[in-house]
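The values are calculated or read from the model by the stated rules, or taken from the named source; none is laboratory data. Just so it is clear, the model here is predicted, and its values are computed rather than measured. Glycine also receives a Cβ, built like all others from the backbone with ideal geometry; neighbour counts cover every protein chain displayed. Accessible surface areas use protein heavy atoms only, side chains included; no ligands, DNA or RNA. Shrake-Rupley method; radii C 1.70, N 1.55, O 1.52, S 1.80 Å.
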Amino acid sequence: MALDFDLDEELESIRKMVRTFAEKEIAPVAEELDEKEEFSIKLTQRMGELGLFGPFVSEEHGGSDIGYLGYIIATEEIARIDGSQAATLAAGNSLGIYPIYTFGNEEQKREWLPDLCAGKKLASFGLTEPNAGSDAGASKTTAVLDKDTWVINGSKIFITNSSSEISAICIVQAVTGKRPDGRNELSCILVPNGTPGFTAKTMHKKMVWRSSNTGELFFNDCRVPKENLLGKQGEGFHQMLQTLDGGRLSIAAMGLGGAQGAYELAMKYAHEREQFGRPIGSFQVNAFKLADMYTDIEMARLLLYKATWLADNKRPFTKESAMAKLVCSEIYHRVVNQSVQLHGGYGLMKEYAVERHYRNQKLLDIGEGTSEVQRIVIARNIGVPGDPLG
Amino acid sequence: MKIVVCVKQVPDTAADIKIDPETSTLMLDGVEHITNPFDEFAIEEALLTREKHGGEVHVITMGPPQAVDVLRNALAMGADQAYLLCDTAFAGADTLATSYTLSKAIEKIGGVDLVVCGKQAVDGDTAQVGPSIATYLKIPQLTYVSKVREIDSEKGRIVVERMLEGGIQAVESSLPALMTVVKDINEPRLPSLLGIRKAAKTEIPTWTAVDLPVDQSRLGLDGSPTWVARVSRPEQRRGGEILQGEIPEVVSQLVDKLLDAKVLK
């Protein structure tokens, strides 16, 4: 009798703590930060103080070592209140801390992890380029070894956490040569913000995640020491795939938490709003909407927690994390769409948090692998004939 | 400084609790339990005191096995050690028997400089247990403390501000002493993930009646000279009245009504 759906007391405590934090400290400022497109150093550092950065990092390196499930639950609880802060957390952990912790050498870990896990600094993952999105292998950014330094040229776009005042380092994926099969050889190189030749420009006028930091990066004969290579030369593509497997879990958690938040807002409003002399939630047409939302969320949670369980138990989880990311973002889409519908005209107004959920949801269909790419990953892992990309 | 904090597990203040009309007891099935909110201020004050003056913070609670949750919460916030006082012999205790039992546990911990309690629990609302513990321990009691001005652990003295109706009273006392705190005293911290992990690993000893130097006849229901005869909901209050119209007219209506109600003379 091994199957067990109970969360242990530690995980319940984590959920409770993060929920309290999100409700008390994020909720009161979320609308204003979103409106002003303002990144909050204060909230980021508070998340650091509470130990939310570095959940899979050993205590020795400054992490809290609570494992993936604790991390996913924490991300879910932040996203229940605000997608932007959840984005800062999820990208900081999965795309910033994870590659350094997993592929970095001891010296790199000691240099960067303590401050990253404390939330004092942020690391970003420079992967997407103007012409290399889903086709991540088509990077144009190059790094050429000149004696003891890498000389980097190129640009990156839509890079979360890369251009804030506390953004300290970018893990840049660059072409470092040709492989025997003629394809590009990719490597990841650590480039500290502020290095001459490296410009990070904050991107504005976003529809989504408006109070998270998104940067456009330019490398112009940017030189960093040879030792800044992450892992071995030529491992960049695999490092990226492995990083994104874990990243999908946290993006899925944002979908799940967002759906939970949007559902709760709908339920509350369904009790309060009266039309035709009764609460609108008492009409079957609306009660069914709420029943569907609740059921969808439960499905999403079961799939995500299972994928997370695989990760915590060191089993392969590529397929499951792709499924969880796909399902959680699509369910968030359905739930928030119906939640706005229930709110009627008020759901279209910024002073109702559901409006922010509605916008923020859309990123999850696109970021860290579009829904289409998730389907490719799943299809490849279930034995369809041929290759879905071929 | 050796500090003991006494905490209580109470039904969630957000829960809508029903009363069983037959037995006059609270129907708590399915109701979440939390740390008594005032006790969180007590824990925070103990932690702040430790951070400033060094020492250790011990937390005790008397309650059923599930009351261990509030101790874990205190450990996660940063307390050093916690003890659960749990025994069927303790059940049904009124404030006298409860404070007797808690005072004996504090004696067992030994060498305590400061005991901190919330000003009252939000379920019973008696505010008696803190002062009674001080009486049993024969130490000074400082109730309704809103600020600790200074502590001199060398000389064994403490100066606090007490929040009284219409004013603040500064009191100096010798240590050891017991204080009960009000919510203005601090802002309780959230536990960190590291704290939660540490708390989950900390062993919490359970003390039963035989572990304490107690007179068995003074425990639980048998040791309680008072008991709850009946619990009922207060009468529903009548809704207020909203006066409408032009301001001068409404004001004169209001004054008439206040005169009628003998609020104004």
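Residues whose amide H falls under 5 Å from that of A:G231, counting only those 5 or more places apart or on a different chain, are A:N105, with hydrogens built in the peptide plane.
For region B:204-265, GluC sites (Glu not before Pro) meeting the loop criterion (DSSP other than H, G, I, E, B) and having at most 11 other Cβ atoms within 10 Å: B:E235, B:E241, B:E246. Among the trypsin sites (Lys or Arg not before Pro) found in region A:347-379, those both in a DSSP coil and sparsely packed, with 15 or fewer other Cβ atoms within 10 Å of their Cβ, are A:K350. With contacts taken as Cα pairs under 8 Å at a separation of at least 6 residues, chain A carries a relative contact order of 16 percent.
Summing charges over neighbours of A:L116, with a neighbour being any other residue whose Cβ is under 12 Å away from its Cβ, gives +2 when K and R count +1 and D and E count -1.
Think of each Lys and Arg Cβ as +1 and each Asp and Glu Cβ as -1; about the Cα centre, that makes the dipole of the protein assembly as shown roughly 1100 debye. Farthest towards the positive end of the charge dipole of region B:2-218, among the residues B:F41, B:P64, B:L114, is the Cα of B:L114, using unit charges on the Cβ of Lys, Arg, Asp and Glu. Accessible surface buried at the A:B interface totals approximately 1200 Å², computed with a 1.4 Å probe on protein heavy atoms. Residues whose amide H comes within less than 5 Å of that of A:G51, counting only those at least five positions distant or on another chain, are B:L193 (H built at 1.01 Å from N in the peptide plane).
In the protein assembly as shown, the portion of solvent-accessible area held by carbon and sulfur atoms comes to 52 percent [1.4 Å probe, whole percent, DNA, RNA and ligands not counted]. Semi-axes of the equivalent ellipsoid for region B:2-218, computed as √(5λ) from the eigenvalues of its C-alpha gyration tensor and ordered from largest down, come to 26, 19, 19 Å. When the Cα convex hull of chain A is projected onto planes of every orientation, the mean area is 20.8 nm². Diagonalising the gyration tensor over the Cα atoms of region A:283-326 and scaling each eigenvalue by 5 before taking the square root yields semi-axes of 30, 9, 4 Å, largest first. Distance check, please: which entries in A:K24/B:K52; B:K119/B:K257; A:K205/A:K306; A:K42/A:K350; A:K201/A:K226 exceed 30 angstrom between their Cα atoms? The pairs that break the limit, which is 30 Å between Cα atoms, are B:K119/B:K257; A:K205/A:K306. Rounded to the nearest 10 degrees, the inclination of helix A:318-343 to the longest alpha-carbon principal axis of chain A is 40 degrees.
Based on DSSP H segments of at least four residues, each scored -39500 (n - 2.57), chain B has a per-residue ellipticity at 222 nm of -8500 deg cm²/dmol. The charge dipole of region B:109-189, taken about the Cα centre with unit charges on the Cβ atoms of Lys, Arg (+1) and Asp, Glu (-1), comes to about 100 debye, rounded to the nearest 20.
Between the Cα long axis of helix B:95-109 and the first principal axis of chain B there is an angle of about 30°, rounded to the nearest 10. Applying both filters, DSSP loop and at most 14 other Cβ atoms within 10 Å, to the trypsin sites (Lys or Arg not before Pro) of region A:170-222 gives A:R183, A:K205. Each helix, a run of at least 4 DSSP H residues, gives -39500 (n - 2.57); summed and divided by the residues of chain A, these come to -16000 deg cm²/dmol at 222 nm.
Net charge in the neighbourhood of B:E32 (other residues with Cβ under 12 Å of its Cβ; Lys, Arg +1, Asp, Glu -1) is -4. If one takes the longest principal axis of the Cα atoms in chain B, at what angle in degrees, from 0 to 90 and to the nearest 10, does the Cα axis of helix B:247-260 lie? The answer is roughly 70 degrees.
Dipole magnitude for region B:2-218: about 660 debye, using +1 per Lys or Arg Cβ and -1 per Asp or Glu Cβ, origin at the Cα centre.
Applying D = kT/(6 pi eta Rh) to the protein assembly as shown, where Rh is the Kirkwood radius over alpha-carbon pairs, T corresponds to 4 °C and eta to 1.567 mPa s, the Stokes-Einstein value obtained is 46 µm²/s. Secondary structure note: in the protein assembly as shown, about 65% of the DSSP beta bridges are antiparallel.
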